[in-house]
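Bear in mind that the values in this text are calculations on the coordinates, not laboratory data. If you're wondering where the values come from, they're calculated on a predicted model, not measured in any experiment. Here the Cβ positions follow ideal geometry from the backbone for every residue, glycine too, while neighbour counts run over all protein chains shown.
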Amino acid sequence: MVQMKKFFEENGAGEFSQYQNLGISPIHVHRSKAEHKHAIFVLGKEIATIMAHDEFSGPGRTSVRLHELAHRTFNEMIK
């Protein structure tokens with residue numbers, strides 16, 4: 001997913017602000033599993049949003065679902 005992020009950034013297709021605001025990447029081994037899981041869902045949502053033609057396309061539905069999963073994992077982290 002990080003390679004896809006890099007590709008889109010190099011081609012001017014996205015900025016990934018939500019993912020970057022998390023301050024986490026795959027090399028941050030000191031972060032918790034829950035934080036990495038949340039970051040994956042946030043990054044996946046941003047990638048799917050870029051690929052979506054509209055909210056009803058396959059990537060559009062994937063984006064919505066990943067947003068829900070990111071929200072759920074965030075709530076689990078703050079408990």
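Structure values in brief
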quantity: Cα centroid separation - the range 36-74 against the range 1-27, whole Å; calculated: 13
quantity: Burial order of peptide ranges 41-47, 14-20, 64-70, 29-35 (average beta-carbon count within 10 Å, highest first); calculated: 41-47, 64-70, 14-20, 29-35
quantity: Separation in nanometres of the label points that stand 7 Å from Cα toward Cβ, at GLU15 and SER57; calculated: 2.1
quantity: With Cα atoms, 0 to 90° folded angle of helix 58-77 axis to the chain main axis; calculated: 10
quantity: Exposure proxy ranking, count of Cβ atoms within 10 Å, fewest first, for HIS28, HIS38, HIS53; calculated: HIS53, HIS28, HIS38
quantity: Positive-end residue of PHE16, LEU66, HIS53, charge dipole of the range 2-77 with Cβ unit charges; calculated: LEU66
quantity: Reported label for calculated Kirkwood radius over Cα pairs in Å given (1) 12.9; (2) 12.5; (3) 14.2; calculated: (1)
quantity: Reachable aspartates and glutamates, given that their alpha-carbon falls under 15 Å from the alpha-carbon of LYS79 and they are not under 8 places away in the same chain; calculated: GLU35
quantity: For PHE74, PHE7, order by how many other beta-carbon atoms lie within 10 Å, fewest first; calculated: PHE7, PHE74
quantity: Dipole moment magnitude, nearest 20 debye, the chain about Cα centre, only Lys, Arg, Asp, Glu C-beta charged; calculated: 400
quantity: Candidate lysines for bridging to LYS45, where Cα separation is under 22 Å - those fewer than 8 sequence places away on the same chain excluded; calculated: LYS5, LYS6, LYS33, LYS37
